[in-house]
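The values are calculated or read from the model by the stated rules, or taken from the named source; none is laboratory data. None of these values were measured; they are calculated from a predicted model. Neighbour counts are summed over all protein chains in view; Cβ atoms, including those assigned to glycine, are modelled from backbone coordinates with ideal geometry. What goes into the accessible areas is simple: the full protein's heavy atoms, side chains included, and nothing from ligands, DNA or RNA. Shrake-Rupley method; radii C 1.70, N 1.55, O 1.52, S 1.80 Å.
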Amino acid sequence: MSVIIKPVISEKANYLTDLRGAYSFLVDTRANKIQIKNAVEQAYGVKVADVRTMIYAPKVSSKYTKKGLQVGKTNKLKKAVVSLAEGEVIDIFAAI
């Protein structure tokens with residue numbers, strides 16, 4: 001099971017990185033905080049101080065068509081905000 005799916009790059013995530021040294025990642029929905037901490041430490045070679053997680057519910061959408069009501073939904077997402085130890089930095093754009 002690959003725990004880290006991808007880093008989140010947005011205005012709010014960049015603001016948290018500059019302000020608090022916290023990085024955001026999309027992670028597997030079944031992963032717990034200990035697994036996320038170990039995965040980030042192994043992948044980037046840094047010391048993790050704190051992990052906060054949040055689960056986003058799937059979004060349901062419906063529309064009327066000639067064939068009737070079509071209902072669909074997105075997948076459930078889990079996001080982790082990882083705070084690093086003092087003086088640690090992750091260069092997310094190094095792999096690009």
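Scanning the range 14-60 for residues that are in a helix (DSSP H, G or I) and charged (D, E, K, R), which turns out least open to solvent (accessible area, probe 1.4 Å)? Ranking the candidates gives GLU41 first.
Scan the range 19-40 for residues that are over 13 Å from VAL81 (Cα atoms) and touching a helix residue (DSSP H, G or I) at 6+ places or on another chain (Cβ under 9 Å) and the total you get is 2.
With respect to the conditions (1) modelled with pLDDT of 95 or more; (2) touching a helix residue (DSSP H, G or I) at 6+ places or on another chain (Cβ under 7 Å); (3) not charged (D, E, K, R), ILE90 falls short on a single one, namely (1).
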